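This report refers to the structure that appears directly beneath it.
The numbers here are math on the coordinates, done by the rules we state, and not lab data. Since we're looking at a predicted model, the values are computed, not measured. Here Cβ is always computed from backbone atoms with ideal geometry, including for glycine, and neighbour counts include all displayed protein chains.
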Amino acid sequence: YALFPGEPRWPRDRRDLTYAFDPRNKLTDEVKSVFARAFGRWSDVTALSFTNVESFSSSDITIGFYTGDHGDGESFDGVLGTLAHAFSPPSGKFHLDADENWVVSGDLDSFLSVTAAVDLESVAVHEIGHLLGLGHSSVEESIMYPTITTGKRKVDLTSDDVEGIQYLYGANPNFNGTSPPAATTRERDTGSFS
Amino acid sequence: WFFPNSTAIPPSLRNTTRVFWDAFSNFTGCHRGQNVDGLFRIKKYFQRFGYIPETFTGNFTDDFDDILKSAIELYQKNFRLNVTGQLDALTIKHIVVPRCGNPDVVNGTSLMHSGRRKTFEVSFSPGGKVPRLHTVKR
């Protein structure tokens, strides 16, 4: 695992984080539930919690789908290429390329590797790692590895990812090192996916 | 575009072999000293992900120069590819895979192959009035 220069992380008094979606995207509950699941994968293993709130302007983490130049100097490039990016703590900005073809559900069995569609949860889990302070890892199996092949689903945190996030925030008290503890995010409990 | 599941993906997307950075495939085999039409684009790619510092202004040439060679070597090291300094087929195949927009190199420091955090085991030995600090790099 790797960290950003200076090892930025969320301060001790801000570990119960909130997140909100850009209302202009008018996302369905189904799409929002994918992010709740992705946040849950990180809160399972570390001492952070994530709660979905309505207020986009005041939440810790802001999530939006944008195309091309969207004002942060890192333009998106249409289908494939760069898929999303997220800023290190405590910025909380998480942007996804609205031009991509996102597959929302997890059933990728019939996925053909040469399609031009990408698994949304795989990208969400990776970018949330950046939001929490992890950089790109050179371990190919890691969630924090920079590339994702189309048609591939990669959502389970590896020991490399867990070691990195626990270095920054410590372990979830319920995490026993093998199977993830019961979910700690409120949104996840109510998501239609669970 | 959101597809509820993979079976909802239309045929036009299922069988596409289009890769966003298609044009880079034309540079397969390129090496230092060559001048190849359009090579400046891959320099822009490497600058985008931090492999060429921002201090190099955007007007890149089509020369396969030392700037590009160093960028490729660092990229190959980060992704544990053979460090050839050339745009060999495997490196090109890797470059065209969709990816996160965050850079791999920040302020000239490669985040990736710096590898795991070093942990120091701290211990104090009582000797003398002032305990001495001992560290062991693990």
Checklist outcome for this item: Over the Cα atoms of the range A:4-99 the radius of gyration and the largest Cα-Cα distance (Dmax), both in Å, equal 13.8, 39
Item to check | Phi-based couplings in Hz for the range A:150-165 (Karplus 6.51, -1.76, 1.60; Gly and Pro marked x) | outcome: 4, x, 10, 10, 9, 10, 7, 5, 9, 4, 4, 5, 5, 4, x, 6
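Taking only DSSP H segments of four or more residues, each worth -39500 (n - 2.57), what value at 222 nm results for chain A once the sum is divided by all its residues, to the nearest 500 deg cm²/dmol? Spell out each step's value before the answer.
On the way: 4 runs with 44 residues, N = 194.
Per the formula, -7000 deg cm²/dmol.
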Checklist entry - GNM on chain A, C-alpha springs below 10 Å: top fluctuator among A:P90, A:P23, A:P146? => result A:P23
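Compute for the range A:22-61: radius of gyration divided by Kirkwood radius, i.e. Rg/Rh, restricted to C-alpha atoms, rounded to two decimals. Spell out each step's value before the answer.
Working: Rg = 11.2 Å, Rh = 11.3 Å.
Reported Rg/Rh (Cα atoms, Kirkwood Rh): 0.99.
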Next on the checklist: Running a GNM on chain A with Cα contacts under 10 Å, which residue among A:D13, A:D69, A:D99 ends up with the highest mean-square fluctuation?
Outcome noted: A:D13
Item to check | Residues A:H126, B:H31, A:H95 arranged by fewest to most Cβ contacts within 10 Å | outcome: B:H31, A:H95, A:H126
Item to check | Full-stretch length increase - A:D22, A:E163 - with 0.36 nm per residue and alpha-carbon distance subtracted | outcome: 47.6 nm
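Could you give the longest part of chain A that holds none of the trypsin sites (Lys or Arg not before Pro) found in DSSP loops with at most 12 neighbouring Cβ atoms within 10 Å?
Details: sites that count: A:R12, A:K26.
It runs A:27-194.
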Checklist outcome for this item: Taking a crude spin-label model, label points 7 Å out from Cα along the C-beta direction, the B:D62 to B:T28 distance in nm is 2.1
Checklist outcome for this item: Stretched fully, the stretch from A:E141 through A:D29 gains (0.36 nm per residue minus C-alpha distance, one decimal, in nm) 37.3 nm
Checklist outcome for this item: One finds, for A:R14 and A:D156 with R0 = 30 angstrom and r their Cβ-Cβ distance, a FRET efficiency to the nearest 0.05 of 0.65
Checklist entry - Just how many % of Cα pairs in the range B:1-83 lie over 14 Å apart, if you round to the nearest whole percent? => result 69
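At 1.306 mPa s and 10 °C, plugging the Kirkwood radius over alpha-carbon pairs of chain A into Stokes-Einstein gives what diffusion coefficient in µm²/s? Could the numbers behind the result be given before it?
Numbers: Rh = 16.8 Å.
Value of D from the Cα-based Kirkwood radius: 95 µm²/s.
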Item to check | Sites matching GluC sites (Glu not before Pro) across the range A:118-183 that sit in DSSP coil, with at most 13 neighbouring C-beta atoms within 10 Å | outcome: A:E140, A:E141
Checklist entry - Tell me, what ³J(HN,Hα) does each residue in the range B:81-88 have, in order and in whole Hz, if you take phi through Karplus 6.51 cos²θ - 1.76 cosθ + 1.60 with θ = phi - 60° and put x for Gly and Pro? => result 9, 4, 7, 9, x, 10, 8, 6
Item to check | Estimated FRET transfer efficiency (A:V53, B:S12; beta-carbon r; R0 35 Å; 0.05) | outcome: 0.40
